[in-house]
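Below is one structure, written out as structure tokens; the observations come after it.
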Ligand SMILES: [Zn+2]
């Protein structure tokens, strides 16, 4: 059965909302909710539409006055609600208690044992009660100071967003369930939520649990929430009260179905949802949670979704209540108004996935973040008890339980030690430079390279330059390399990288005249290889000056060969500007770490790029320009068709001719030999001063 408006729903054009446009908060976008009621499960299932169908009749606001829930207590704080026998009656882990009390600013920083908050891990509930002084609805019963006082003193903070990155079985989804129930409890105790927040009369407030699929949202977030809810003495009592009033007045005041909760008299609803942006947008929420945000980018473990868009849609839906709460705090000094909460929890997949970025980003003052391995959160699981998992697959176990992800979720090089082994610290980046923004005559700022210095060339060696030309989004990377006939290895001589800034792209012609041309003039550069098509002008210019230049698109076979060279230590990198252990530490901030450190950035990129089977692509939130420029050079240094040019050179620092060819000649990718190339060869060799 289809409800009215279904045809319009099918007309995508009418429903189209521009992702990027900043739509005003729609009072209730649920007018768009049309549904096929035969759907009761799956990603397109929307329980709220079902609820709404039954309630589309005019809302009778008198139901607010029908129910007197004054006899049912409001919990004094998060901990009393969770552990209190008349509320949820569960025992959270001490770490969960710490997060709850800090998140809701529910303890007195002056009357609490100053050490306990940091020590919370395996204490008994009694010990926690003895040493922690909780606030009672925002007021300390001992010193009588309020939450607002402590916030002003900088001892507590108002949070409304949680970013929790922790290992599997750490208890993070239990924390979300506890907090969601607490939130529902507090909102049910508001006499009239839409009036309280100054909304349209009878406007519905949503609690939504989101995961990568509807099924996963149901399993990992909805079910733990419902299990606690169903067993909670407080909610049982509350619903009994509604039964009483319902039969008294002959109306149904609430519904508790497997897939949703609906409180008609308060206009509150709770349900799980798939990550459908259309459904996430527009509604007004008092709580939402996303599970496994670190896995939203599409690997074998998950479908591809844009985590930033999902978060943005949800965040906007919280704005109405958040603004109202802010006003209540600032102008009315109401320090116990329940805020709209966004709780994101996930295990990490890679160092720059969404959850790791959220946890590291400290620019949002209302975000509470934690990042813990399983054994530091759940006192019932020790590191030792996971030993067999660590033996089986150390990288996965470190990621899944240690919450310590590799730089890439689909690594091109999975073991960083392999990369450490190809670093030869007796080499350094053989050039130095500055980047400066320059205003042109039309007042457009562009980035130019300044003060470019480089080491002198080795005699008797033919060099190769690989170039990756990003324009607005990517960096411009130039990598100079040669083949060391003694080591039979590709040696990286110099890297230049210019990264564009916001509104300030890289000035291409200057990169060419200030970097590529001087290098070609001073080094015996036998070949310049470009990655991108837009570099056609430079290619022609180089050819005109007698330097062979070509454009080449790296293929997956090329990357396989390059990986083989890395594993066999036949590609050598100079010492990075930053200690290797720092580079592979996932808690380091990417942008800060790689700034003005091109070798560090190259190493990071090699570890962060994703090998997707048919192609090797950028890592999550990481550039790949230097990596690609480097690979272009390596590819041609070992190419059979170029072996006479590159592999006959001298060994490092000495002149040594004809030291043989690279072993295992079959590794070179086959390449069409063209006449023009053979002709060009003469001129290249002619230019080589040997
Ligand atoms: Zn106190």
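The values are calculated or read from the model by the stated rules, or taken from the named source; none is laboratory data. The model shown is predicted, which means the values in this text are computed figures rather than measured ones. Here the Cβ is made from the backbone with ideal geometry for all residues, glycine too, and neighbour counts use every protein chain on show.
Below is a table of values for the structure above.
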read-out: Selection status of residue 233, surrounded by fewer than 20 Cβ atoms within 10 Å (Cβ to Cβ) and either under 19 Å from residue 318 (Cβ atoms) or in contact with a helix residue (DSSP H, G or I) (Cβ under 9 Å, 6 or more places away or on another chain) (or both); value: no
read-out: Count of residues meeting criterion [part of a loop (DSSP other than H, G, I, E, B) and out of contact with any helix residue (DSSP H, G or I) (no Cβ under 8 Å at 6 or more places or on another chain)] in the range 571-585; value: 2
read-out: Selected residue [farther than 23 Å from residue 100 by Cα and touching a helix residue (DSSP H, G or I) at 6+ places or on another chain (Cβ under 7 Å)] from 220, 259; value: 259
read-out: Lone unmet requirement of (1) surrounded by 15 or more Cβ atoms within 10 Å (Cβ to Cβ); (2) assigned by TED's automatic domain parsing to the domain that holds residue 568 for residue 442; value: (1)
read-out: Filter result for residue 201 (within 16 Å of the ligand (Cβ to nearest atom), over 24 Å from residue 237 (Cβ atoms) and outside any helix (DSSP H, G or I)); value: no
read-out: Residue list for the range 146-169, restricted to those being touching a strand residue (DSSP E or B) at 6+ places or on another chain (Cβ under 8 Å) and more than 22 Å from residue 80 (Cα to Cα); value: 163, 164, 165, 166, 167
read-out: Residue tally, condition outside any helix (DSSP H, G or I), within 10 Å of the ligand (Cβ to nearest atom) and more than 16 Å from residue 338 (Cα to Cα), over the range 137-157; value: 6
read-out: Scan of the range 361-375 for residues that are surrounded by 18 or more Cβ atoms within 10 Å (Cβ to Cβ) and more than 18 Å from residue 176 (Cα to Cα), ordered by number; value: 375
read-out: Some residue of the range 81-91 being within 16 Å of the ligand (Cβ to nearest atom), farther than 27 Å from residue 376 by Cβ and modelled with pLDDT of 95 or more; value: no
read-out: All positions within the range 107-136 that are closer than 21 Å to residue 83 by Cβ, within 14 Å of the ligand (Cβ to nearest atom) and in a loop (DSSP other than H, G, I, E, B); value: 108, 109, 111, 112, 113, 132, 133, 135
read-out: Strands (runs of 3 or more DSSP E) enclosed by the range 237-290 - at least 3 residues per element that are on the phi < 0 side of the Ramachandran plot and under 31 Å from the mean Cα position of the chain (by Cα); value: 268-273
read-out: Residue ranges of strands (runs of 3 or more DSSP E) in the range 436-521 with at least 2 members out of contact with any helix residue (DSSP H, G or I) (no Cβ under 9 Å at 6 or more places or on another chain) and without any contact (Cβ under 8 Å) to a residue 24 or more places away in the chain; value: 445-454
read-out: Test: residue 319 is part of a helix (DSSP H, G or I), modelled with pLDDT of 90 or more and either at positive phi or surrounded by fewer than 15 Cβ atoms within 10 Å (Cβ to Cβ) (or both); value: yes
read-out: Residue in the range 142-149 that is farther than 22 Å from residue 328 by Cβ and surrounded by fewer than 19 Cβ atoms within 10 Å (Cβ to Cβ) present; value: yes
read-out: Matching residues, the range 92-106, being in contact with a strand residue (DSSP E or B) (Cβ under 8 Å, 6 or more places away or on another chain) and away from the ligand (no atom under 16 Å from the Cβ); value: 95, 99, 103
read-out: Lone unmet requirement of (1) farther than 19 Å from residue 422 by Cβ; (2) under 19 Å from the mean Cα position of the chain (by Cα) for residue 595; value: (2)
read-out: Counted residues, the range 208-252 - those being out of contact with any strand residue (DSSP E or B) (no Cβ under 6 Å at 6 or more places or on another chain) and closer than 17 Å to residue 70 by Cα; value: 13
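This table checks each residue for (1) surrounded by fewer than 19 Cβ atoms within 10 Å (Cβ to Cβ); (2) at pLDDT below 95.
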position	(1), (2)
546	yes, yes
551	yes, yes
557	yes, yes
564	yes, yes
571	no, no
576	no, no
594	no, yes
611	yes, yes
615	yes, yes
